[in-house]
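Heads up: the structure comes next, in structure tokens.
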Amino acid sequence: MKEFLILIRGGQEKYQNSALKEMQKHMEDWQQWMGTLAKEETLVGGQPLMNEGATLTEGGKKITDRPFAEGKEIVGGYLLIKADSMDLATKIAKECPSFEFDCSLEIREISPLV
Amino acid sequence: MKKKEDINKTLNNLFRQESGKMVAVLIKIFGTENIELAEDVVQDALISALETWKYRGMPENPKAWLYRTARNKAIDIIRRKKHSKTIDFSDPERKLLISEYTLATTMDNFWKEQHIQDDFLAMMYACCHPDISQENQITFILKSLCGFSTKEVARSFLVSEDTISKRLYRTKEYFRKHKIRPRIPFPEEINAKTAVVLRTIYLMFNEGYNSTHSDQLIRKDLISQALWLCKSLLDNKSTQTPEVYALMALMSFHAARVDSRVTEQGALIRLADQDRNSWNQELISLGSMYLNQAAFGKTLTTYHLEAAIAYQHCIASNYENTNWKEILTYYDLLLVIAYDPVVFLNRCLVMLELNGPDEALEAIKKIQNHKIISKYYLYHAILGEIHERLKASSKAVAYYQQAIQLTQSKPEKRLLKQKITNLNG
């Protein structure tokens, strides 16, 4: 069994501009999705991220008080899952409720270094 | 200042009614190994309410406010303890509490109205596990599910607060060690498990009903809590068995008469001398309703029969008009279902009223060699009663004196002494 990191980018803007009811529905959808993943023991962990952040460049010398990417590119959260292959991980990621809010996902396998 | 009193009163009532349910939900969230954490959250919520309401006044819906506060405090604790080993997050029900994506929604699901009552009942069944001694069961139920303070539980049992703390500790240790997962029993085990819960409720009731406490408040508290716990079993489809209805009927009939049993000075009044006008008719008709509902299915339990006996007493216009014949039939059935020498003794009293002292004497002789009964005060008190009817005064006095020696209860002693005085006078 391999582990995959799913990076969730974008989608915040549309989410924050939607009605309270839609927001609640969205949280329910997340509950449903993650609940299924937890039940299947696919889920390892995952958290949403704040929009604020800091970026260090130039060997740590330059500090910018915002995330590396912004707007549609900003990383808004991550999920860590278990799957047998990239294909299966992709299949799982396709169910992400945040697509409704125009997010994009990047799936990366955790790399064993030795 | 009236405002402050109002707040205290509302909070006290709320606490009695809701704290047990909140504790049950929080135990489900944190696990039975964290009962103390659950109790702390409820305590904290109560203190917050007291502080906040004092300044901002009472909220429109105090109950909702209290639940909301407990929920928020639970979220704080989950966030704080996310990386500690205190809470077992590997449990499928708790897994989603770790992620912020799902924490709030998962938390809200735990607090949904339809789950709360189930969690409360599940906790009741868990407390009544046969491995936990009965006194520990009642202690824990009173403290954690009925919102009693340690001091109040101590007063209920007439023991020190220290003893109560030890009992609570033992029960919590049991839960911790065995990682008990409270749940409402499956249909096939519901009768057996409910029987244990009912025994504990009835014991709690009797602690209030029979106890010779001078503390009237505590006695009434115990009675109303027992009724309340039984009622919550009736409110749930999966736990409303005929036996529960029967106990509810029995306790309602008893509770209807509670005020007429004891004088204001704490002296016992015999059934024959009680003021029947002071019996609570509302409770009696409630009891009759429950007794009717207890009659479905094929189950006939001791509670059914005891309730039927109590019902006959409740509807008799006076002591002489009691339907002793009917009552004797119930006693006979009781002895068939579960032979109990104390029930047999009480049956002798019915014999005395129905067939007179000679037959009662014949009947009571049958258990004169019973080791425990011969040392039981009631045996001698009934013999005294029988001999009084036989006009054998000196024998009667001797039996009453023997009974006085054998009971610890001051009101019983007082009643027996009164009987002796009446005979000598």
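The values are calculated or read from the model by the stated rules, or taken from the named source; none is laboratory data. Remember, it's a predicted structure, so these values are computed and weren't measured experimentally. We place every Cβ from the backbone using ideal geometry, glycine too, and count neighbours over all the protein chains shown.
Summary of values
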| read-out | value |
| --- | --- |
| Some residue of the stretch B:128-151 being within 14 Å of chain A (Cβ to nearest Cβ) and not hydrophobic (A, V, I, L, M, F, W, C) | no |
| Pairs, first at negative phi and free of Cβ contacts under 8 Å to residues at least 12 places away in the same chain in the stretch B:302-329, second part of a loop (DSSP other than H, G, I, E, B) and not polar (S, T, N, Q), C-beta under 9 Å, six or more apart | B:ASN323/B:ALA316 |
| Only one of A:PRO67, A:PRO97 that is surrounded by 13 or more Cβ atoms within 10 Å (Cβ to Cβ) and closer than 13 Å to B:TYR101 by Cβ | A:PRO97 |
| Within the stretch A:1-100, helices (runs of 4 or more DSSP H) holding 3 or more residues that are at the interface with another protein chain (Cβ under 10 Å from one of its Cβ atoms) | A:20-39 |
| Evaluation of B:LYS298 against (1) more than 20 Å from the chain's Cα centre (by Cα); (2) buried (at least 17 other Cβ atoms within 10 Å of the Cβ) (one fails), failing number | (2) |
| All positions within the stretch B:74-109 that are buried (at least 20 other Cβ atoms within 10 Å of the Cβ), β-branched (Val, Ile, Thr) and at the interface with chain A (Cβ under 10 Å from one of its Cβ atoms) | B:ILE98, B:THR102, B:THR106 |
| Sole exception among (1) within 14 Å of another protein chain (Cβ to nearest Cβ); (2) closer than 16 Å to B:ALA226 by Cβ for B:PHE120, by number | (1) |
| Verdict on B:LEU46 being hydrophobic (A, V, I, L, M, F, W, C), at pLDDT 90 or above and in a helix (DSSP H, G or I) | yes |
| Test: A:LYS82 is under 20 Å from B:PHE89 (Cα atoms), modelled with pLDDT of 95 or more and over 12 Å from the mean Cα position of the chain (by Cα) | yes |
| B:VAL41, sole failed condition from (1) more than 14 Å from chain A (Cβ to nearest Cβ); (2) surrounded by 18 or more Cβ atoms within 10 Å (Cβ to Cβ); (3) part of a loop (DSSP other than H, G, I, E, B); (4) β-branched (Val, Ile, Thr) | (3) |
| Subset of the stretch B:275-312 [closer than 22 Å to B:ALA192 by Cα, part of a helix (DSSP H, G or I) and in contact with a Ser or Thr (Cβ under 8 Å, 6 or more places away or on another chain)] | B:TYR290 |
| Some residue of the stretch B:208-226 being within 26 Å of B:ASP131 (Cβ to Cβ), touching a residue at least 24 places away in the same chain (Cβ under 8 Å), surrounded by 18 or more Cβ atoms within 10 Å (Cβ to Cβ) and β-branched (Val, Ile, Thr) | no |
